[in-house]
Amino acid sequence: MAIAKVNGVEVEFEPGMTVLQVAELAGEEIPRFCYHERLSIAGNCRMCLVEVKPGPPKPQASCALPAAEGQEIFTKTPMVKKAREGVMEFLLINHPLDCPICDQGGECDLQDQAMGYGRDDSRYEENKRAVEEKAMGPLIKTVMTRCIQCTRCVRFITEVAGSPEIGLISRGEDVEITTYLGAAVTSELSANVIDLCPVGALTSKPYAFEARPWELKKTESIDVMDALGSSIRVDARGNAVLRVLPRVNDDVNEEWISDKTRYAVDGLQRQRLDRPYVRVDGKLQPASWAQAFAAVAARIKAAKPERVGVIAGDLQDAESLKATKDLFTALGVKNLDARQDGSALGDGPRESWLFNSTIAGIENADVVLFVGANPRLEAPVLNARFRKQWIAGKTRFGVIGQQADLTFDYDYLGAGTKTLAGLAKSKSDFVTALKNAERPAIVIGQGALSRADGAAVLKAAAAVAKTFKVVRDGWNGWNVLHTAAARVAGLDLGFTPGEGGLSTADMLKPGALDVLFLLGADECETAASDAFKVYLGTHGDAGAHKADVILPGAAYTEKNGLYVNTEGRVQMGERAVFPKGEAKEDWSILRALSEHLGAKLPYDSLDQLRAKLFADHPTFGQIDFAPGSIPTVFDLSGLGGEGELSDAPLESPIKAFHLTNPIARASVTMAECAATVSGAAKIAAE
């Protein structure tokens with residue numbers, strides 16, 4: 001490896017690194033505004049100036065200067081100090097002195113670096129220029145007079161999000177950041193520009209004037225808005241969650257999160273279930289916990305086990321799923337299902353329902369085929385990885401299903417199952433590339449698996465995967481893209497119908513059951529079922545509307561819980577605030593209910609429950625381990641089932657990205673985003 005000197009200290013570095021990166025390897029802090037590790041180099045803020053020998057006798061921008069063998073880099077010389085002070089002075093010429101009222105105050109790079117590298121006075125007395133605010137939609141608040149034109153937002157929205165809706169116009173002192181024709185930014189990742197903005201030009205509109213950073217309690221947790229399991233930080237004050245920010249996790253979300261992850265949190269305060277209810281004379285009436293448990297226990301005891309069913313929702317933690325399964329299995333109930341969308345998964349080995357290439361490992365695939373998946377809506381952060389590979393020219397993509405804008409180019413092969421079944425015989429360029437690929441991958445979405453013919457589609461997809469050797473020694477390219485945060489944990493636990501048990505669709509038929517227990521299940525239509533319905537959940541959503549008894553549970557920010565993401569990675573969510581009102585953690589509600597049912601669960605604390613969970617299902621003890629990181633060869637032959645393939649096109653199950661779960665549907669911000677996106681779509685159509 002090459003060697004350079006940084007302030008007299010020798011440092012080894014890899015070819016292609018910049019002077020800034022080499023200086024940081026030596027432990028030197030280099031100030032910067034425009035440079036960001038995950039964006040292209042712009043070199044337009046000039047704050048990262050250093051002195052380099054050999055080279056011209058002047059400061060140079062370290063972010064854009066390649067490091068070379070034998071270089072001497074100086075970061076603390078009088079020349080560098082004077083140059084940085086001059087750059088800071090220029091940056092502050094037009095910057096308003098509004099730190100006391102700026103939402104970025106306390107978390108502002110300009111504020112920090114002005115203190116660390118700036119002068120203690122200014123020699124400019126001219127009037128500051130003012131810039132009109134820009135309408136960027138319901139998420140991004142703009143104060144463009146503060147903008148220093150670092151162009152981080154432009155580069156992110158163009159390169160990472162793939163939705164070039166922000167740009168730079170004019171020249172010289174008239175230069176401005178603006179949106180295309182003044183339209184709102186509609187990307188599913190748009191609010192990441194707020195984190196990237198080093199000043200207060202782009203801030204969070206829903207969070208505006210809510211709190212200062214030092215007032216907040218910060219809790220590291222896991223997101224449940226999709227099945228990716230992004231690493232997040234939950235900031236709360238008192239018993240209210242005020243915002244969610246991303247944490248860096250290169251294996252999962254890098255440092256991005258979707259707008260839904262970030263902004264659905266106001267739904268945690270609205271339409272909440274904060275006390276038990278029992279339906280009396282057709283109307284839900286407030287009740288005590290004892291009354292609610294008595295009503296549930298009386299109905300379950302009066303029903304035969306084969307006339308009782310349980311459906312689990314999409315936001316459940318593994319502990320609540322385990323407690324529910326243990327309780328109802330002890331009662332002899334076999335009608336259990338965590339697949340409220342009717343997905344055909346659950347019968348094969350664990351690898352059959354995982355994203356086996358892993359989220360980070362999918363970047364190693366050279367050809368990827370999407371089957372009934374729209375990753376832009378189902379996992380926007382994962383979609384950014386696909387776009388990154390497309391930009392680098394490393395991966396070729398093909399789609400069977402909806403012809404949607406995925407932010408990258410792909411070969412469109414067809415809309416339905418006929419294309420999938422006949423793929424091996426096709427002579428298209430993409431099929432040839434798939435045959436010759438060293439690391440081919442198939443990404444199967446829930447749009448393909450949750451149909452009436454889902455089992456047959458799964459079998460056809462498995463046949464294609466086998467034909468093209470998607471699973472081979474050292475590589476497993478069989479990937480299922482889930483949309484529900486609780487789905488993989490449910491499948492790992494075997495939360496599926498036992499022998500002779502009913503699936504979700506069968507349980508919801510008229511006359512099928514006497515008692516239906518809904519564990520946070522809001523995405524299945526229960527109106528046709530005439531069973532006595534018990535709903536354990538957080539919001540007054542679809543499940544609660546039809547319920548005869550409501551047991552108020554805790555949202556994901558209000559409990560400690562384990563979640564398993566689409567690649568099988570077990571992650572820990574941490575409690576940031578306490579449950580609302582009389583609501584309790586889900587597992588503790590089930591533990592209390594078990595006593596009323598005469599089937600007391602054998603654990604009295606969360607630690608005891610987790611010990612039982614780890615003992616019965618060892619994979620849950622492998623915290624933060626992605627099983628696909630050690631590729632496993634498994635037999636694709638047994639996947640799926642018999643049946644005719646429907647001619648209906650394969651479509652993503654997500655129609656409205658911002659309204660996919662009870663928390664998001666309770667959110668005013670998400671409702672505004674949905675209206676903005678649908679309005680933009682109508683205008684485009686016209």
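The values are calculated or read from the model by the stated rules, or taken from the named source; none is laboratory data. Here the structure is a predicted model, which is why all the values come from computation and not from measurement. Heads up, the Cβs are rebuilt from the backbone with ideal geometry, glycines too, and the neighbour counts pull from every protein chain shown. Note: accessible area is taken over every heavy atom of the protein model, side chains too, but ligands, DNA and RNA are not part of it. Shrake-Rupley method; radii C 1.70, N 1.55, O 1.52, S 1.80 Å.
A few remarks follow.
- Taken residue by residue, the range 384-401 has at least one member that is closer than 24 Å to Val570 by Cβ and crowded, with 24+ Cβ neighbours inside 10 Å.
- Conditions (1) open to solvent by less than 50 Å² (accessible area, probe 1.4 Å); (2) more than 23 Å from Pro276 (Cβ to Cβ); (3) not aliphatic (A, V, I, L, M): number failed by Phe293: (2)
Matching residues to (1) over 19 Å from the mean Cα position of the chain (by Cα); (2) free of Cβ contacts under 8 Å to residues at least 60 places away in the same chain; (3) not in a loop (DSSP other than H, G, I, E, B):
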residue	(1), (2), (3)
Arg376	no, no, yes
Arg387	no, no, yes
Thr407	no, no, no
Tyr412	yes, yes, yes
Thr419	yes, yes, yes
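- Flag for Gly361 being touching a Leu at 6+ places or on another chain (Cβ under 9 Å), touching a residue at least 24 places away in the same chain (Cβ under 8 Å), open to solvent by less than 30 Å² (accessible area, probe 1.4 Å) and not hydroxyl-bearing (Ser, Thr, Tyr): no
- Here the strands (runs of 3 or more DSSP E) wholly within the range 458-539 that include at least 3 residues being farther than 24 Å from Pro349 by Cβ and at pLDDT 95 or above are 515-519, 532-537.
- Test: residue in the range 480-497 that is over 18 Å from Leu315 (Cβ atoms), under 20 Å from the mean Cα position of the chain (by Cα) and crowded, with 22+ Cβ neighbours inside 10 Å: yes
- Which listed residue, of Glu37, Glu24, Glu10, is surrounded by fewer than 16 Cβ atoms within 10 Å (Cβ to Cβ) and within 33 Å of the chain's Cα centre (by Cα): Glu37
- Scanning the range 159-190 for residues that are out of contact with any Gly (no Cβ under 8 Å at 6 or more places or on another chain) and part of a helix (DSSP H, G or I), we see that the one that is surrounded by the most Cβ atoms within 10 Å (Cβ to Cβ) is Val160.
- Residues (in contact with a Leu (Cβ under 9 Å, 6 or more places away or on another chain) and among the basic types (Lys, Arg)) located in the range 213-252: Lys218, Arg233, Arg237, Arg243
- Of everything listed in (1) over 24 Å from Asn374 (Cα atoms); (2) part of a loop (DSSP other than H, G, I, E, B); (3) of a type in the set (A, V, I, L, M, F, W, C), the single unmet condition for Leu613 is (2).
- Output for the range 78-99, where each listed residue is touching a strand residue (DSSP E or B) at 6+ places or on another chain (Cβ under 6 Å) and open to solvent by 30 Å² or more (accessible area, probe 1.4 Å): Met79
- The range 216-263 - residue that is more than 23 Å from Leu382 (Cβ to Cβ) and either out of contact with any strand residue (DSSP E or B) (no Cβ under 9 Å at 6 or more places or on another chain) or of a type in the set (Gly, Ala, Ser) (or both) and, of those, surrounded by the most Cβ atoms within 10 Å (Cβ to Cβ): Ala236
- Hey, Gly638 outside any helix (DSSP H, G or I), touching a helix residue (DSSP H, G or I) at 6+ places or on another chain (Cβ under 9 Å) and within 30 Å of Ile359 (Cβ to Cβ) or not: yes
- Top-ranked residue in the range 452-467 [being farther than 21 Å from Gly477 by Cβ and under 28 Å from the mean Cα position of the chain (by Cα); ranked as least open to solvent (accessible area, probe 1.4 Å)]: Ala455
- Residues (among the hydroxyl-bearing types (Ser, Thr, Tyr) and surrounded by fewer than 20 Cβ atoms within 10 Å (Cβ to Cβ)) located in the range 141-158: Thr145, Thr158
- Qualifying residue in the range 153-175 (condition: basic (Lys, Arg), under 30 Å from Ile654 (Cα atoms), in contact (Cβ under 8 Å) with a residue 24 or more places away in the chain and in contact with a strand residue (DSSP E or B) (Cβ under 8 Å, 6 or more places away or on another chain)): no
- Scan of the range 226-240 for residues that are aliphatic (A, V, I, L, M) and in a loop (DSSP other than H, G, I, E, B), ordered by number: Ala227, Leu228
- Contact map, the range 74-87: first residue of a type in the set (Phe, Trp, Tyr), second residue assigned to a helix (DSSP H, G or I) and open to solvent by less than 30 Å² (accessible area, probe 1.4 Å), Cβ cut-off under 8 Å, separation 6 or more or different chains; pairs are Phe74/Val80.
- Inclusion of Ser629 among residues that are modelled with pLDDT under 95, of a type outside the set (D, E, K, R), open to solvent by 70 Å² or more (accessible area, probe 1.4 Å) and under 23 Å from the mean Cα position of the chain (by Cα) is warranted.
- Residue count for the range 429-451, restricted to those that are surrounded by fewer than 14 Cβ atoms within 10 Å (Cβ to Cβ) and assigned to a loop (DSSP other than H, G, I, E, B): 1
- Some residue of the range 570-583 being touching a residue at least 24 places away in the same chain (Cβ under 8 Å), in contact with a Cys (Cβ under 9 Å, 6 or more places away or on another chain) and open to solvent by less than 10 Å² (accessible area, probe 1.4 Å): no
- Residue in the range 598-619 that is surrounded by fewer than 18 Cβ atoms within 10 Å (Cβ to Cβ) and of a type in the set (Val, Ile, Thr) present: yes
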